[in-house]
Amino acid sequence: MATAEAGGDLRLSGVTKRFSAFTAVDGIDLTIAQGEFFAMLGPSGCGKTTTLRMVAGLEEPTEGSIHLGDLDVTHKKPYQRPVNTVFQNYALFPHLTIFENVAFGLRRRGVKDVKKQATDALDLVELGHLAQRKPAQLSGGQQQRIALARAVVNRPQVLLLDEPLGALDLKLRRQMQIELKRIQTEVGITFVHVTHDQEEAMTMADRVAVMNHGKIEQLGAPSDLYESPDTTFVANFLGQSNLVPGTRTGTDGGYVVIESHGQKARILQSRCVPGSDLLLGVRPEKIRIQEAGDEVPTGLNRLTGGVVVDASYLGVSTQYLVRLPWGQNLTVFSQNLGITERFRDGSAVTLAWEPDHSFGLAGDAAAGVDEEAAALAAAASAPQG
Amino acid sequence: MAAIAPRADATEELPRATGRQLRTVLILLVPGLLWLGIFFVVPLFTLAGTSTQTPSGSGIPGEFVQTFHLANYWDVISEYKGHFGRSFLYSILATALCLAIGYPLAYLIAFRAGRARNLLLVLVVAPFFTSFVLRTLAWRQILSDDGWVVSSLKWVHVIPQDMAVTASPLAVVAGITYNFLPFMVLPLYSSLERIDPRLIEAGGDLYGNGFAVLRKVTFPLSMPGVVAGTLLTFIPASGDYVNAALLGNNRTTMVGNVVESRFFRVVDYPTAAALSFILMAIILVLVVLYVRRAGTEELV
């Protein structure tokens, strides 16, 4: 497939946006490679949409600059940039047919073979047969695809997607995620996708920037973010995390040793922040749950003295809530392999996991922050059940 | 009026009324129907009857007998065709001027006014707080040849030194434009205000510059307001006589002025009635043509 003219990367340098006293975006530096599928993930109000609108030209940065390759687009009007947007709720023109909606950008640019290009774009989203309908006659999923076709047909250097799947139901959303990824691969345009749905970001994007309070908390491939979160916000916004407060006591080989309520655990040095107050982190699905007193294989991190306070059988797995002696509850997902017996409420258990699966976060911010982040993450993932 | 009629597909979705609901509907309609019947339908027939009467021959002014004299219509058309021409010329000019002034104003109030929006809307209707006749009289002062407006325009050579503005067609059109401007601005505003700003942003995002977006997105989407505003301006303006009477001269009289003088001064009821009917018929035809042309489909 043809790709956009060699334009190069999208670069944001020190981009800041203030609305009177409120700073929506706070000094973002970011380079998005040409042809990349990039996601900006964060709770509402984190500045991700404002960032997107500045790239589109719908907002002007208070400070900083935006470059597309060598072209400085910081103060260019939206219609002067080789950038197109798929708007939240699509913003299809209600008075124009589907064909004219898709042809709109081509006509404004004075392209010659409007008919062929618009038809090709409609075929790309497999809705060529609806060309003469009006937007109001289409379903949400169809409107979504038309909005995509209307943007892609212009072969922009960068395509911006503002929560494009937010209004669709779960099943359609999964289907559209695959579709979007297919189209992106086919047209080879840089996609910048804004979403509050971590699963959406992780399934589609090559790289994800997790944003909070107008700043990028962490940037990386989905697996990096998930396996080694840098902050408690990222640890809780992307999936669930168990975070146990503790103190650094020393090192053991390539591992940091952390002590928590008299129990010791190890964290890979490369996955642990400096400092003595730490949070020992581990994902629920990494934890093995076994009866108290059963032998734990050597070399594993363990936490003893746990009591199951809740067991939810989900079919594919069982979700346990285990209370530790100091009153903290940890979540454990136990895959339903059918080998071991399920634990009941009140069972005394030991939790164990590979030291390489631990991560160490800065502990001083432990208390309040994570409840907020956890609440946001829960709210964000709620629609997916 | 077409502009405010509900969408056809919306009514189709309504469940069929049960007998009880139907009775309620009828009861609710009674006051309105009675009102229309007594004060609109009956007088309309009376007017139609009057329009074909001829003088009784008794010599008493104001006494007419019904002779179904349809020639009355032909007579008034041939006698007053100039008045009809002026009525429609002035009202179309005034409507066009209202649109030209009102659209930017409504656009500003809808999209750019911010917190001043409500204040500006009050200012648009503020002229209604003063009597229509008084305001029109005030225009006579404003446009008078020794008034400050005309003299300063002459001083900066915008208009020729010997030009008289008062008692001219210009003054009549200006007066009509002024008096009916709020009827243009308010429907335009309500139409513009309902446009999703993201559609305008999408137009810019899709390579439309300011003018292209206005022409291809904003204006088509505001068509219901344009149609409603132009009708609300044009229809009363074409029957208006106050502006022509107060701001014009005896060569600027409109149909409304003739109807007024035939009814109240000359006591020639059949001529006045026939004039009214012809005016009504022409307006009806023009409005139907216009609404068809503007596309009823857009009126959602």
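At least 3 residues being more than 23 Å from A:Thr231 (Cα to Cα) and assigned by TED's automatic domain parsing to the domain that holds A:Leu238 is the threshold, and among the strands (runs of 3 or more DSSP E) wholly inside the range A:254-348 those reaching it are A:288-291, A:301-313, A:317-323.
Residues that are more than 16 Å from B:Ala94 (Cβ to Cβ) and at pLDDT 95 or above do not occur anywhere in the range B:167-179. Counting the residues of the range B:224-259 that are in contact with a Gly (Cβ under 6 Å, 6 or more places away or on another chain) and within 21 Å of B:Ile278 (Cβ to Cβ) gives 5.
Would you confirm, using the coordinates I've provided, whether A:Ala311 is more than 29 Å from the chain's Cα centre (by Cα), within 18 Å of A:Ser241 (Cα to Cα) and surrounded by 15 or more Cβ atoms within 10 Å (Cβ to Cβ)? So A:Ala311 fails the test.
Every residue, every condition in (1) among the polar types (S, T, N, Q); (2) farther than 30 Å from B:Ala272 by Cα; (3) surrounded by 12 or more Cβ atoms within 10 Å (Cβ to Cβ), yes or no:
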| site | (1), (2), (3) |
| --- | --- |
| B:Ala96 | no, no, yes |
| B:Leu105 | no, yes, yes |
| B:Ala113 | no, yes, yes |
| B:Trp139 | no, no, yes |
| B:Ser144 | yes, yes, yes |
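Within the range B:210-221, being surrounded by 15 or more Cβ atoms within 10 Å (Cβ to Cβ) and within 9 Å of chain A (Cβ to nearest Cβ) holds for B:Ala212, B:Val213, B:Lys216, B:Val217, B:Pro220, B:Leu221. Being surrounded by fewer than 16 Cβ atoms within 10 Å (Cβ to Cβ), free of Cβ contacts under 8 Å to residues at least 24 places away in the same chain and more than 17 Å from A:Arg11 (Cβ to Cβ) is a property that A:Ser139 has. Filter the range A:82-103 down to residues that are without any contact (Cβ under 8 Å) to a residue 40 or more places away in the chain and either in contact with a Gly (Cβ under 9 Å, 6 or more places away or on another chain) or in a loop (DSSP other than H, G, I, E, B) (or both) and give me whichever is farthest from the other protein chains (Cβ to nearest Cβ). Across the range A:82-103, the extreme among qualifying residues is A:Thr97.
What is the residue count in the range A:126-152 for residues that are more than 24 Å from the chain's Cα centre (by Cα), away from chain B (no Cβ under 13 Å) and of a type in the set (D, E, K, R)? Qualifying residue count for the region: 2. Of these, B:Tyr207, B:Tyr178, which one is aromatic (Phe, Trp, Tyr), within 14 Å of chain A (Cβ to nearest Cβ) and farther than 22 Å from B:Asn118 by Cβ? Matching residue, one of B:Tyr207, B:Tyr178: B:Tyr207.
Right, A:Arg283: buried (at least 19 other Cβ atoms within 10 Å of the Cβ), touching a residue at least 12 places away in the same chain (Cβ under 8 Å) and either basic (Lys, Arg) or over 30 Å from A:Gly253 (Cα atoms) (or both) or not?
On the way: buried (at least 19 other Cβ atoms within 10 Å of the Cβ): yes; touching a residue at least 12 places away in the same chain (Cβ under 8 Å): yes; either basic (Lys, Arg) or over 30 Å from A:Gly253 (Cα atoms) (or both): yes.
Spelling it out, A:Arg283 is indeed buried (at least 19 other Cβ atoms within 10 Å of the Cβ), touching a residue at least 12 places away in the same chain (Cβ under 8 Å) and either basic (Lys, Arg) or over 30 Å from A:Gly253 (Cα atoms) (or both).
Among the residues of the range A:283-335, those that are in contact with a Gly (Cβ under 7 Å, 6 or more places away or on another chain) and not charged (D, E, K, R) comprise A:Val307, A:Val308, A:Val322, A:Leu324, A:Pro325. In the range A:33-72, the qualifying residues are those that are charged (D, E, K, R) and assigned to a strand (DSSP E or B), and the one that is surrounded by the most Cβ atoms within 10 Å (Cβ to Cβ) is A:Glu63.
The values are calculated or read from the model by the stated rules, or taken from the named source; none is laboratory data. Everything numeric in this text was worked out from a predicted model, so none of it was measured. Cβ: placed from backbone, ideal geometry, glycine included. Neighbour counts: every protein chain shown.
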